[in-house]
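Bear in mind these aren't lab numbers, they're just calculated from the coordinates by the rules spelled out. Values in this document were obtained by computation on a predicted structure and should not be read as measured data. So basically every Cβ, Gly included, is an ideal-geometry build from the backbone, and we count neighbours across all protein chains shown.
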Number of protein chains: 2
Amino acid sequence: MATPADAADEHVVFRQYLDAVGLQGLAGAEAAGLHTSEWYALSLITLEGSLTSGELASRTGLTTGATTRLIDRLERAGYVRRVADPKDRRRVIVEPVPDGLGRIEEVLSPARRHIAEVLARYTPEQRALLFDYFRQAAPAFRAATEEIRKSAAPRRSRTTHAKGDS
Amino acid sequence: MATPADAADEHVVFRQYLDAVGLQGLAGAEAAGLHTSEWYALSLITLEGSLTSGELASRTGLTTGATTRLIDRLERAGYVRRVADPKDRRRVIVEPVPDGLGRIEEVLSPARRHIAEVLARYTPEQRALLFDYFRQAAPAFRAATEEIRKSAAPRRSRTTHAKGDS
DNA sequence: AGCAGTATCTGCATCTGTGCAGATAAATTT
DNA sequence: AAATTTATCTGCACAGATGCAGATACTGCT
């Protein structure tokens, strides 16, 4: 029977939790030498196992040209590699480099450690519940991401830059 | 009694969970028309309630000059406002604008909704446990962030730009 | 009052990410 | 085999974020 006050409290708790996770992610990305779009793309690639350049372009919302450069950067930084698709030699499959994944894990390790400490305060049954939540929350967040991107805010104001509107 | 296999599984679950939350955050930031550093700064400001320009500079790791511009952008976008510090009139206090926070909440609402759906699958006791976790995990993530930033990867390669190394 | 220290802002230069449009290579269709 | 369509890459140009150094405004100390 949550009172309004409790509900508001939950609201705040959840917001602060999201912010904290988000800040951690951004700090991690920066520590890994990755900018937002690179971090985003690498997450996608890791999550999917591998993606073609075109798929990556549509998932990130970038043009294919920009995506080429994005992959260049990720490749140069040692996070992914390009492999030819044997089925269709026009295609370029982008897949994570194990070594790069390791570096990401390293960046995430402080979070892992601190959370492990928190988890240690719970009983095994409670921990199981939390992991069950993680398992279920991940797809939920992905669905939320989809939803947000669909209502796609047209990237910044962009001033409609009616180039020559004198 | 976690077997090694379980441990590996937990590893993956947690990783995917973090990725999902992270991607959601990035999508949200973009939908809000904010770039990484702006999103980061706004999170900090919101979390702290308010910050001075200088504090924001040191927390973000930006120079004071860049921070001025950052605040300009956030202000222009309607997320924060500058107020004079009555104690020290050199200082500029940056605080969130309620209306702006509302817009952020709106952006987060899909996540909130999807997670609410997940939470609805649990009993009230279980939900209480999960919120307890949120409450404890937030500071843990913040500590992790601190830790990551301290070991501060010097922003991208930057060629060490030893300014005057002739 | 004068002086040193501090907080923020501005001009200038740079660097990087991105879109756009055309180029190239490969698959598919006729 | 020729034409069309698809997938990725490259040249060019632009916008925007950031560092640096100097300017400005204010505080606190002597």
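With a sphere of radius 11 Å drawn around the Cβ of A:R59, what net charge do the other residues whose Cβ falls strictly inside it have (Lys, Arg +1; Asp, Glu -1)?
-2
Straight-line reach from B:K150: which aspartates and glutamates have a Cα under 15 Å away, not including same-chain ones fewer than 8 places off?
A:E30, A:E106
What are the residues whose amide H is under 5 Å from the amide H of A:R81, where those residues sit 5 or more places off or on another chain and H is modelled from the backbone?
When sequence neighbours closer than 5 places are left aside, the close amide H contacts are A:E95, A:V97.
List, shortest first and in nm to one decimal, how far the label point of B:R90 (7 Å from Cα along Cα→Cβ) is from its counterparts in the other copies.
Copy-to-copy label distances at B:R90, shortest first: 6.3 nm.
Once you order the gyration tensor axes a ≥ b ≥ c over the Cα atoms, which shape class does chain B get: rounded for a/c under 1.5, otherwise prolate or oblate by comparing a/b with b/c?
Oblate shape, in that a/c is at least 1.5 and b/c is the bigger or equal ratio.
If you rotate chain B onto chain A, whose Cβ in B ends up lying nearest the axis, and how many Å away is it?
B:T36, 2
Counting only other residues whose beta carbon sits under 10 Å from that of B:Q136, what net charge do I get with K and R as +1, D and E as -1?
0
Note the angle between two axes, namely the Cα long axis of helix B:36-48 and the longest principal axis of the Cα atoms of chain B, as a number of degrees from 0 to 90, rounded to the nearest 10.
Here the helix axis deviates by roughly 80 degrees.
Can you list the distances in nanometres, one decimal and ascending, from the A:E117 label point to the identical position in each other copy, with the point 7 Å along Cα to Cβ?
3.6
Please identify, among A:L62, A:L70, A:L119, the residue showing maximal mean-square fluctuation in a Gaussian network model of chain A using a 10 angstrom Cα cutoff.
Result: A:L119 has the largest fluctuation of those listed.
Considering every residue in A:9-17, what mean count of other chain Cβ atoms within 10 Å of its Cβ is obtained?
6
Using only DSSP helix segments of four residues or longer, with each worth -39500 (n - 2.57), what per-residue ellipticity at 222 nm results for the protein assembly as shown after dividing by its residue count and rounding to 500?
About -22500 deg cm²/dmol.
Could you compute the FRET efficiency for A:A8 and A:T68, with r as their C-beta to C-beta distance and R0 at 45 Å, rounded to 0.05?
For A:A8 and A:T68, the calculated efficiency is 0.40.
For segment A:1-93, report the translational diffusion coefficient in µm²/s to the nearest whole number, using Stokes-Einstein at 25 °C, 0.890 mPa s, and a Kirkwood Rh over Cα pairs.
159
Classify the protein assembly as shown from the C-alpha gyration tensor, please: rounded if a/c falls under 1.5, else prolate or oblate depending on whether a/b exceeds b/c.
rounded
Can you list, shortest first and in nm, the gaps between the label point of A:K150 and those of its counterparts in the other copies, using a point 7 Å from Cα in the C-beta direction?
Sorted ascending, the copy-to-copy spacings read 4.4 nm.
For B:S58 and B:Y122 in one chain, what is 0.36 nm times their gap in residues minus the Cα-Cα distance, to one decimal in nm?
Full extension from B:S58 to B:Y122 adds 18.9 nm.
As I understand it, the dipole of segment B:86-148 uses +1 on the Cβ of Lys and Arg and -1 on the Cβ of Asp and Glu, about the Cα centre. Which of B:L101, B:H114, B:F134 lies farthest toward its positive end?
Towards the positive end, the residue furthest out is B:L101.
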